[in-house]
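Visitor: Sharing a structure here in structure tokens format.
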Amino acid sequence: MAQSDSFSAFPLSAETLRALGDLGYTQPTPIQSETIDLMLSGYDLVGQSQTGTGKTAAFGLPLIERIETLDRSLQAVVLCPTRELCMQVAGELRKFLKYHASIRVAAVYGGQPIDKQIQSLRGGVQIVVGTPGRFIDHLRRHTLKLKNVQTVVLDEADEMLNMGFREDIETILNGMPGERQTVCFSATMPEPIKALTARYLRDPKFIHAGEHELAAASVDQLYFTLKEKLKPEALARILEYEHPDSMLVFCNTKRRVDELYQTLKENGITCSALHGDMTQQARDVVMRQFRQHETHLLIATDVAARGIDVHDIDLVLNYDVPEQDEIYVHRIGRTGRAGKTGKAYTFVVGRDSERLASIMAYTGETIREASLPTLAEIESKRTQDLVEEVRSLIDRNSFTHQLDHYQRIALRLENEGYEATDIAAALFMLKIGTTPEQVDDLNRPQPQPQRRNRQPHRRK
């Protein structure tokens with residue numbers, strides 16, 4: 001299906017188009033172009049898409065358009081794996097509903113008193129976004145009734161199954177009218193997802209956002225070959241060299257997240273950790289700190305990272321190579337968003353090179369090998385950055401009066417016989433500090449991963 005040039009090309013209401021205009025939405029993304037018309041026509045749908053493709057608008061806009069505004073009963077359900085994603089989706093839908101005063105959205109999830117949610121459901125809610133477990137709680141309390149549901153969306157379906165929600169999902173779907181629209185979005189398509197869609201979807205249409213669109217050209221993708229034991233030091237060097245305002249580090253397991261978090265803390269590196277075993281209150285604190293840049297480095301598992309709504313992540317690091325090709329694309333899709341450039345780095349150890357080759361074949365892109373920054377390069381970069389800061393401060397005329405005090409201090413030292421260049425050099429040395437202890441193994445050339453002799457493929 002050809003991509004539409006404007007949202008006005010779809011049969012969307014004037015209220016919806018006005019809200020999209022306020023949000024600055026102009027040209028639909030590929031997943032939106034393919035999804036909106038099909039959902040408006042009532043088709044069941046299976047969509048494979050990753051972070052950053054505009055998936056919420058893809059299913060959210062047609063979902064809203066199908067709501068009978070004079071009917072206050074529940075008509076649409078969106079199920080999400082985590083509280084964070086649930087809140088994010090509900091928030092996006094409310095933005096689209098800015099000029100639809102008669103349509104209400106409620107979010108139901110664990111970690112919040114259920115009485116507060118029951119109160120929000122009173123008076124009629126047409127759209128509910130929820131986690132499966134809490135949704136089931138409301139069904140048992142009869143605070144949600146499914147008899148008038150027209151559309152159900154399974155968002156991040158693969159993660160819901162990974163988190164053990166299959167039975168809950170099937171209970172919810174079995175309680176809905178047979179004549180309904182069922183839409184499933186998933187980053188990956190393992191056998192359990194295929195079985196679920198085969199059982200509950202009727203002659204679904206399949207949509208896939210092409211890998212070349214997901215691994216955006218705005219993301220610089222590099223990999224570093226090293227030994228497993230040197231990963232923490234390698235991460236420390238990257239932090240020293242890049243100084244990212246916002247960095248997301250992915251590990252494959254919760255145990256790895258905890259181990260890396262503890263190692264970095266012991267070495268004086270400020271960071272936060274996020275995984276499914278943490279309490280909801282702790283997760284909320286971590287996410288608030290990361291969004292507000294109180295914490296610049298967040299270590300997370302893939303499941304916990306679903307629903308992270310941060311659009312200005314400078315750098316994504318695959319501390320562990322993901323076990324599935326699609327997960328790599330999902331991870332790096334968190335940087336280089338909203339027209340910005342981003343960086344995605346990957347640590348490769350031993351046979352990880354085979355996984356990396358598979359990822360490159362899957363995406364059809366080359367991930368370039370790079371050398372970790374040397375200690376000399378780190379110091380040179382820090383010096384260059386400081387010189388630029390000094391130049392910028394001097395050139396900003398509005399700060400001239402604020403420099404007067406420090407100029408007097410410098411003049412006092414000059415009057416004592418010290419050269420101006422010596423004074424500046426000493427200040428630079430104090431500011432930059434000494435370089436970290438050198439680790440020889442990190443500077444030794446490592447063998448380059450061998451790519452399999454296979455042709456990249458793209459799914460149609």
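The values are calculated or read from the model by the stated rules, or taken from the named source; none is laboratory data. Remember, predicted model here, so these are calculated numbers, not experimental data. Heads up, the Cβs are rebuilt from the backbone with ideal geometry, glycines too, and the neighbour counts pull from every protein chain shown.
Visitor: Condition check: touching a strand residue (DSSP E or B) at 6+ places or on another chain (Cβ under 9 Å), over 18 Å from Ala157 (Cβ atoms) and touching a residue at least 40 places away in the same chain (Cβ under 8 Å). Does Gln48 satisfy that?
Guide: No: the conditions fail for Gln48.
Visitor: Same structure again: What is the number of the single condition among (1) at pLDDT 95 or above; (2) buried (at least 18 other Cβ atoms within 10 Å of the Cβ) that Met160 does not meet?
Guide: All conditions pass for Met160, except number (1).
Visitor: Sort out which residues of the stretch 70-110 are closer than 19 Å to Val310 by Cα, free of Cβ contacts under 8 Å to residues at least 40 places away in the same chain and in contact with a helix residue (DSSP H, G or I) (Cβ under 7 Å, 6 or more places away or on another chain), and write them in order of number.
Guide: Selection gives Glu92, Leu93.
Visitor: Now, a different point. In the stretch 121-151, how many residues are out of contact with any helix residue (DSSP H, G or I) (no Cβ under 7 Å at 6 or more places or on another chain) and closer than 29 Å to Ile36 by Cα?
Guide: 12
Visitor: Collect the residues in the stretch 43-65 that are modelled with pLDDT of 95 or more and in a loop (DSSP other than H, G, I, E, B), keeping them in residue-number order.
Guide: Answer for the stretch 43-65, where residues must be modelled with pLDDT of 95 or more and in a loop (DSSP other than H, G, I, E, B): Tyr43, Asp44.
Visitor: Here's a check for you: in the stretch 5-39, which residue that is touching a Phe, Trp or Tyr at 6+ places or on another chain (Cβ under 7 Å) and without any contact (Cβ under 8 Å) to a residue 60 or more places away in the chain is farthest from Arg202 (Cα to Cα)?
Guide: Here the answer is Tyr25.
Visitor: Taking the condition of being of a type in the set (Ser, Thr, Tyr), part of a helix (DSSP H, G or I), modelled with pLDDT of 90 or more and in contact with a helix residue (DSSP H, G or I) (Cβ under 8 Å, 6 or more places away or on another chain), how many residues in the stretch 334-386 meet it?
Guide: 1
Visitor: Among (1) in contact with a strand residue (DSSP E or B) (Cβ under 7 Å, 6 or more places away or on another chain); (2) buried (at least 20 other Cβ atoms within 10 Å of the Cβ); (3) at pLDDT 90 or above, where does Asp258 come up short?
Guide: (2)
Visitor: Kindly establish whether Phe206 is among the aromatic types (Phe, Trp, Tyr), surrounded by fewer than 21 Cβ atoms within 10 Å (Cβ to Cβ), under 26 Å from Ile64 (Cβ atoms) and touching a residue at least 40 places away in the same chain (Cβ under 8 Å).
Guide: Yes: the conditions hold for Phe206.
Visitor: Among the residues of the stretch 126-162, what is the count of those that are of a type outside the set (Ser, Thr, Tyr) and over 25 Å from Ala57 (Cα atoms)?
Guide: Of the residues in that region, 9 qualify.
Visitor: Still on this structure, I have one more. Assuming Tyr418 fulfils every condition listed in (1) surrounded by 11 or more Cβ atoms within 10 Å (Cβ to Cβ); (2) modelled with pLDDT of 80 or more apart from one, which condition is it?
Guide: (2)
Visitor: Here's a follow-up. Could you list, in sequence order, the residues of the stretch 312-366 that are of a type in the set (D, E, K, R) and under 21 Å from the mean Cα position of the chain (by Cα)?
Guide: Asp312, Asp314, Asp320, Glu323, Asp325, Glu326, Arg331, Arg334, Arg337, Lys340, Lys343, Glu365
Visitor: Further, regarding this structure: Hey, which of the helices (runs of 4 or more DSSP H) in the stretch 246-324, taking only ones fully inside, have at least 2 residues that are closer than 26 Å to Gly54 by Cβ?
Guide: By residue number, 280-291, 302-305.
Visitor: Could you list, in sequence order, all residues of the stretch 143-169 that are assigned to a loop (DSSP other than H, G, I, E, B) and closer than 19 Å to Gly47 by Cα?
Guide: Within the stretch 143-169, Gln150, Asp155, Glu156 qualify.
Visitor: Please find, within the stretch 108-125, the residue that is farthest from Gly60 (Cα to Cα) out of those that are within 22 Å of the chain's Cα centre (by Cα) and crowded, with 20+ Cβ neighbours inside 10 Å.
Guide: Tyr109
Visitor: Look through Ile118, Ile172, Ile103, Ile136 and report the one residue that is assigned to a loop (DSSP other than H, G, I, E, B) and not assigned by TED's automatic domain parsing to the domain that holds Gly276.
Guide: Among Ile118, Ile172, Ile103, Ile136, only Ile103 is assigned to a loop (DSSP other than H, G, I, E, B) and not assigned by TED's automatic domain parsing to the domain that holds Gly276.
Visitor: When you look at Gly42, is it on the phi > 0 side of the Ramachandran plot and free of Cβ contacts under 8 Å to residues at least 24 places away in the same chain, yes or no?
Guide: The answer is no for Gly42.
Visitor: Only one residue in Val78, Val152, Val128, Val105 is within 22 Å of Thr182 (Cβ to Cβ), in contact with a His (Cβ under 9 Å, 6 or more places away or on another chain) and surrounded by 15 or more Cβ atoms within 10 Å (Cβ to Cβ), so which one is that?
Guide: Of Val78, Val152, Val128, Val105, the one residue that is within 22 Å of Thr182 (Cβ to Cβ), in contact with a His (Cβ under 9 Å, 6 or more places away or on another chain) and surrounded by 15 or more Cβ atoms within 10 Å (Cβ to Cβ) is Val128.
Visitor: What are the residues in the stretch 265-289 that are among the basic types (Lys, Arg), under 19 Å from the mean Cα position of the chain (by Cα) and either surrounded by 14 or more Cβ atoms within 10 Å (Cβ to Cβ) or at pLDDT 90 or above (or both), if any?
Guide: Arg283
Visitor: While we're looking at this one, here's another question. Can you name the number of the only condition in (1) over 22 Å from the mean Cα position of the chain (by Cα); (2) assigned to a strand (DSSP E or B) that Arg202 fails?
Guide: Only one criterion is unmet by Arg202, namely (2).
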